[in-house]
Amino acid sequence: MRQTVATLMLLGATALLTAPAQAEPGRWSGNGHRYEVVVVPEGITWLDAKAAASARGGYLATLTSAEENRFVWSLIANQPRVWTTSLRQGQTDAVGPWIGLVQIRHQAQEPKGGWQWISGEPLASTNWAAGKPNNLEQIEDYGHLFRVAGSKDPATWNDLPNDPTRLSVVRAQRPVAYIVEFDRQPAP
């Protein structure tokens, strides 16, 4: 019996050591919503991130103001595990988490037309990187946080296809994270 208890305790400790670290969602006072950064080391498509956010009880983050964008940036700025890279013309850019920004093609006047938040909120404030969105190869319809190589500026936005590995002009990896936004704390 003693050996069984000791074995169970050891197994429990091992499980704690190997379980993925999951930070508590951060709450932004601007709207009372919570934001959770979810890391998927093998990479994830935008559509899979959208489904996963919904399964968690939220939705991909909608950054409707400069203040909200800065708050979300503060959650990921010093988190190397949420960033991957893309290589274009010898320049390595930082590919950050997916957000709830999508381009509806039937409304699009490429490359800037038809963009909206998946929550239905208006796209009143934008934070596109210089020259973005550019709809590279005419397949970039989803938004993510982005940082141009060498930039010290907070993350801007970029457009990517659902699966960035499909791009032929840029060597891009799938984002390795997404940000879930939860409306106000549910009642206990």
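Could you list, ordered by first residue, the pairs with Cβ atoms under 9 Å in which the first is in the range 118-147 and at positive phi and the second is hydrophobic (A, V, I, L, M, F, W, C), at least 6 apart or interchain?
ASN135/ALA108; GLU137/LEU167; GLU137/VAL169; GLU137/VAL170
What's the number of the only condition in (1) open to solvent by less than 40 Å² (accessible area, probe 1.4 Å); (2) part of a loop (DSSP other than H, G, I, E, B); (3) more than 13 Å from ALA177 (Cβ to Cβ); (4) of a type in the set (Gly, Ala, Ser) that SER86 fails to meet?
So the condition that SER86 fails would be (2).
Looking at GLY26, GLY57, can you tell me which residue is surrounded by fewer than 16 Cβ atoms within 10 Å (Cβ to Cβ), in contact with a strand residue (DSSP E or B) (Cβ under 7 Å, 6 or more places away or on another chain) and on the phi > 0 side of the Ramachandran plot?
When all the criteria are applied, what remains is GLY57.
Report, by residue number, each residue of the range 95-126 that is crowded, with 20+ Cβ neighbours inside 10 Å and farther than 21 Å from VAL176 by Cβ.
Of everything in the range 95-126, those that are crowded, with 20+ Cβ neighbours inside 10 Å and farther than 21 Å from VAL176 by Cβ turn out to be GLN103, TRP115, TRP117.
Which one of the conditions (1) within 21 Å of the chain's Cα centre (by Cα); (2) modelled with pLDDT under 85; (3) among the charged types (D, E, K, R); (4) loosely packed, with under 10 Cβ neighbours inside 10 Å does ARG2 fail to meet, given that it meets all the rest?
Single failed check for ARG2: (1).
Among the residues of the range 44-54, write down those that are open to solvent by less than 80 Å² (accessible area, probe 1.4 Å) and over 15 Å from LEU145 (Cβ atoms).
THR45, ALA51, ALA52, SER54
Residue-wise test of (1) modelled with pLDDT under 95; (2) under 12 Å from ILE179 (Cβ atoms); (3) not small (Gly, Ala, Ser).
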position	(1), (2), (3)
LEU8	yes, no, yes
ALA19	yes, no, no
GLU24	yes, no, yes
VAL38	no, yes, yes
LEU47	no, no, yes
ALA61	no, yes, no
SER65	yes, no, no
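When you go through ALA155, ALA129 one by one, which is the residue that is modelled with pLDDT under 95, open to solvent by less than 20 Å² (accessible area, probe 1.4 Å), within 13 Å of the chain's Cα centre (by Cα) and of a type outside the set (Val, Ile, Thr)?
Of the residues listed, the single one that is modelled with pLDDT under 95, open to solvent by less than 20 Å² (accessible area, probe 1.4 Å), within 13 Å of the chain's Cα centre (by Cα) and of a type outside the set (Val, Ile, Thr) is ALA155.
The values are calculated or read from the model by the stated rules, or taken from the named source; none is laboratory data. Here the structure is a predicted model, which is why all the values come from computation and not from measurement. Ideal geometry is used to build each Cβ from the backbone, glycine not excepted, and the neighbour counts take in all protein chains shown. Note: areas computed on protein heavy atoms with side chains; ligands, DNA, RNA excluded. Shrake-Rupley method; radii C 1.70, N 1.55, O 1.52, S 1.80 Å.
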